[in-house]
Amino acid sequence: MPTETIESLIKRLSPLMEEDSEIFRELALFFGDNSKIQTHRDDLSKFLGRKRLYQVLRFTGESYKDCVYQLVDDHPESMEALGMLRYYTAPGNKIDWEQIEHAEIALGKELTTNAYGWMPDAWTAFESSTVTDSSTESTHQLVALLAFDYGE
């Protein structure tokens with residue numbers, strides 16, 4: 001999906017979101033053309049539901065699993081999220097799909113289905129050249145986008 005289309009869709013679904021905000025940029029990247037796994041518009045509309053607050057968490061480690069454990073151990077509030085979108089960035093532009101699968105399995109084991117119910121719960125991957133952060137070139141990275149209910 002072209003980036004311009006995603007950006008206009010984000011604006012339509014969440015008109016008060018600042019275009020220069022971190023969450024806006026990360027959503028445009030997540031749903032943009034460079035992701036290695038196709039993302040779905042339905043996940044964007046679910047993520048941008050009414051009365052939401054957003055948080056972007058970044059993790060680097062020796063492996064994708066290290067990043068997942070940092071998410072689980074250091075951010076227990078992630079279990080209270082309504083939705084989570086996450087992406088893995090490969091060091092050296094080579095995506096190791098098996099290692100991402102191990103990380104996703106570890107995430108599922110750490111957060112049982114009774115403990116969380118993210119809608120949406122989606123992930124994708126990028127080569128490090130796609131993401132402008134130069135620190136991703138030598139380490140594994142996980143970026144998690146969380147949506148919380150801010151109630152009334």
Next on the checklist: Computing the accessible area with a 1.4 Å probe over protein heavy atoms, can you report the carbon and sulfur percentage for segment 16-76?
Outcome noted: 42 percent
Checklist entry - Once a ≥ b ≥ c are taken as the square roots of the eigenvalues of the Cα gyration tensor of segment 26-72, is the result rounded (a/c under 1.5), prolate (a/b larger than b/c) or oblate (a/b not larger than b/c)? => result oblate
Checklist outcome for this item: Here FRET efficiency (C-beta to C-beta, residue 75 to residue 127, R₀ 25 Å, nearest 0.05) is 0.45
Item to check | Accessible area (Å², per residue) of segment 1-78, counting only protein heavy atoms and a probe of 1.4 Å | outcome: 58 Å²
Item to check | Sites residue 102 and residue 12, calculated FRET efficiency, Cβ-Cβ separation with R0 41 Å, nearest 0.05 | outcome: 0.65
Checklist entry - residue 119 to residue 28: extension gain in nm, 0.36 nm per residue of separation minus the Cα-Cα distance? => result 30.9 nm
Checklist entry - At a probe radius of 1.4 Å, what is the per-residue accessible area of residue 95, in Å² to the nearest 10? => result 30 Å²
Checklist entry - R0 = 22 Å: FRET efficiency of residue 21 with residue 41, Cβ-based, nearest 0.05? => result 0.65
Item to check | Rg over Rh, two decimals, segment 33-102 (C-alpha only, Kirkwood Rh) | outcome: 0.98
Next on the checklist: Please report the accessible area of residue 37 (heavy atoms, 1.4 Å probe, ligands and nucleic acids excluded) in Å², nearest 10.
Outcome noted: 50 Å²
Checklist entry - Mind listing the phi-derived Karplus ³J(HN,Hα) values for segment 70-80, rounded to whole Hz, using 6.51, -1.76 and 1.60 with θ = phi - 60°, and x for any glycine or proline? => result 4, 4, 5, 6, 9, 9, x, 4, 4, 6, 8
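The values are calculated or read from the model by the stated rules, or taken from the named source; none is laboratory data. None of these values were measured; they are calculated from a predicted model. Positions of Cβ are backbone-derived with ideal geometry, glycine not excepted, and every protein chain shown enters the neighbour counts. The area values use the complete protein model at the heavy-atom level, side chains included, leaving out ligands, DNA and RNA. Shrake-Rupley method; radii C 1.70, N 1.55, O 1.52, S 1.80 Å.
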